[in-house]
Each structure stands twice: as structure tokens, then as C-alpha cells.
1. Quick check on segment 258-315: of everything there that is aromatic (Phe, Trp, Tyr) and in contact (Cβ under 8 Å) with a residue 60 or more places away in the chain, which residue is farthest from Ser367 (Cα to Cα)?
2. Considering each residue of segment 334-377, count those that are more than 30 Å from Ile276 (Cα to Cα) and without any contact (Cβ under 8 Å) to a residue 12 or more places away in the chain, and give that number.
3. Within the set of pairs 6 or more residues apart or between chains, which connect a residue that is farther than 22 Å from Gly61 by Cβ inside segment 116-131 to a residue that is of a type in the set (Lys, Arg) with Cβ atoms less than 7 Å apart?
4. Is it true that Arg269 is surrounded by 21 or more Cβ atoms within 10 Å (Cβ to Cβ) and of a type in the set (D, E, K, R)?
5. Regarding segment 26-48, can at least one residue be identified that is touching a strand residue (DSSP E or B) at 6+ places or on another chain (Cβ under 7 Å) and not in a helix (DSSP H, G or I)?
6. Among the listed residues Ser62, Ser20, Ser15, identify the single one that is hydroxyl-bearing (Ser, Thr, Tyr) and assigned to a loop (DSSP other than H, G, I, E, B).
7. Output the residues belonging to segment 1-52 that are closer than 18 Å to Ala249 by Cα and hydroxyl-bearing (Ser, Thr, Tyr).
8. Go through (1) assigned to a strand (DSSP E or B); (2) in contact (Cβ under 8 Å) with a residue 60 or more places away in the chain one by one and return the number of the condition Leu250 breaks.
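The values are calculated or read from the model by the stated rules, or taken from the named source; none is laboratory data. Computed from a predicted structure; not experimentally measured. Cβ sites come from the backbone with ideal geometry, for glycine too, and all protein chains shown count toward neighbours.
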Amino acid sequence: MTNEIVENQELIAQSVRDLSERLIRPNIRQWDDTQHFPIELFKQLGEQGLMGMLVPVEYGGSGLGYQEYVTAIVELSRVDGSIGLSMAAHNSLCTNHILLFGNDTQKETYLPRLATGEWLGAWGLTEPNTGSDAGNMRTTAIQDNEGNWLLNGAKNFITHGKSGTIAVVIARTGEPNAARNATAFVVERGTPGFSGGRKEDKLGMRASETTEMLFQDCRIHDSQRLGAVGDGFVQSLKVLDGGRISIAALSLGIAYGAYDAALAYAKEREQFGQPIATFQGVSFKLADMATAIEAAKLLTYQAATLKDAGKSVTKESAMAKLFASETAVSVANEAVQIFGGYGYTKDFPVEKFYRDAKLCTIGEGTSEIQKVVISRQILK
């Protein structure tokens, strides 16, 4: 790692910490209780360069790499995982898909608005009845005699599915389960036939909007197609390689947040005349938490380093996502245990980390799917 990258990471970490303390921490409880999605906050994140971190400078982005990007997600998620999740989904899914597979016109049209936070992006792959079986998706795109495409179907569990200004949508353009049967499209909000559906009432990550996206005879021009017909699923797998690094970073931030709170509490809380941190039962928990977090950090930054070097990260990103997400859940669980009864109340921060952490083992591929990806790579 070069000195320049290290300096960038330190500057980004401090900048995001300051921003989080000022704009996010005072609102955590209200946003969580009411499931308020603070869309105005993401415009402010855009002004700080956080909404286009991977986008080249010529398209209005920050022109940074995955190591700096991971650092920003970690620091946001250390305070509120919901904000880290939305920032990550915007950067690594919608924006990155256009960056990787858009033509020059598409990049020039969309990337500057996404990178500055003027526009918010969504990405639609998951469907109500297919889940991990994306090759059997029901949302279809049929081309008419004039070359336009007609989209019909529904996507669910979509971050920014209602508030996103544009969405990258993967639709089936061939027979179910056939090879190369999906194609990606950019669909702008306001296009007739495109609407947001039901908003999910979630266990955690409640300040990050998760909704359906609905398409009913939604007609789009062929110029909205990303890449070749039939390349949509292959593109999605490449996008998800980077997306899994994002979720690993999100998990790492949540784990840090829960650990920081538990460590501080264990030093302050006294029982039998001494801080509970002096008792082996508590100190060993903290030791295990710190060790697991360090291992998750190394896996996550290894994947980010390989990604920046232009190398394949399919195995490494899946490993990082698997280990970091499970670590977030276990660390948050132990943090609640260290807090005891107080950890089960909303007056202390660890109950929210506990709720938020679970999504990390589900979103962008469950832990079980990560094991499928890893096993296929190691058995090649």
C-alpha cells in the first residue's frame, strides 16, 4: 500500500467521522424509529465526494479506488449502518454498473449526476419469487418492431426503489434458464409504467429505503440498454464482485461500532467494586471480538487491494463478505451481552447494531451463496 493511499484513507476516515458526528448521529434514533429515509443527506454526501468515489474525475467523481471507498463505508457504518448501506448501494451497484458497462453517451449523461449526489441510483436484480435463482427471473423486456423495449414485472428488496432517480434494471430477454437470457437497462424515474411499490418494514437498516420496483408496459428506447443483449447476468456477476466488498466494509463498520460501544461500557460499568472489563468473562469476549474484527479487516482490504490492481476478486470478495458479515452478527451479539439488560434497550446503541448486522449475512447473496461461490472457485 502506497503512502498516498494511506494518507488518502486517513483523510477520508477523519472527514467521514466529522460528517457523521455532525449530520448523522443526532438523528439516528428518529430515523430508525420512523423509517425515515434522509434523501437530503445523500446530496450532502455527494458534495463531499462520497457518492461517486469510484467514478473518474472526468465524469465528476472522486477518482479514488476501493481501499479509500471501503474506508468511507466503514466510518459511515460505524455510526449508522443504514447510511453506509445506501451509500454503498448507490456507488457499487447502480453507478458502478453504468461505469463498467455503459457507452460514452450513457456515462456522460448519468455519471456526473450520480457522482455529485444530484441523482440517487437504484439497482434491480432480485425478484419476489426468484431470489438467488436470478436466471429464472420473471421481469421481461420484449423488443418491438421499432427497436424499443417493453418492460413488465416486479423487483423487490431494492435499495432506493421508490426514491432513486434512475435504476439499472436486469430483465429477461430470452427463455427462462437459457444461457445469456438477461439484459441490463437504465430506466429513469418518471418513465410511464415505472413506479415504486410497497416499502418494506424492516428489522434493521430502517433508515435505508427498501421497496419494490414495478414495471407495467414500461417502454424504453434501445439507447437505454447497457451493453449487448444477453449480457445482463454476466454484467451483474461482475458488479456483485465489487458489491460484496461493499457489504464486507459495511459489516466491518457495524462490527467496529458495536465493539467500540461495548469496550467503552465495559471500562465504565462497575460491579463488585471494579469495572466489568477486569472480569475474565468480559475481557475474553472483547479479545475474541477484536481478533475477529482484525481478521475481517484484513480480508476486506485484501479484496479491495486486488480489485484496485485489476485482478479477479470473485473468491476474495465472497470470502470477505462471508467472514465480515458473520463477524458483524457475532460481535453485535456479544456487545449486547456485555451491556446486559441495557443492551436490550433503545437507550444504548448496541441493540441497533444487533438489528442492522443481520442484513449483512443476507443482502447481495446470503452466507450460503457466498460458500457456493467460494467452493466453485477453489474446486476449479
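1. Tyr265
2. Count: 5.
3. Gly124/Lys155; Thr126/Lys155; Glu127/Arg138; Glu127/Lys155; Asn129/Arg138; Thr130/Arg138
4. no
5. No, there is no match, as no residue in segment 26-48 is touching a strand residue (DSSP E or B) at 6+ places or on another chain (Cβ under 7 Å) and not in a helix (DSSP H, G or I).
6. Residue meeting the stated conditions: Ser62.
7. Ser15, Ser20
8. Going through (1) assigned to a strand (DSSP E or B); (2) in contact (Cβ under 8 Å) with a residue 60 or more places away in the chain one by one, Leu250 breaks only (1).
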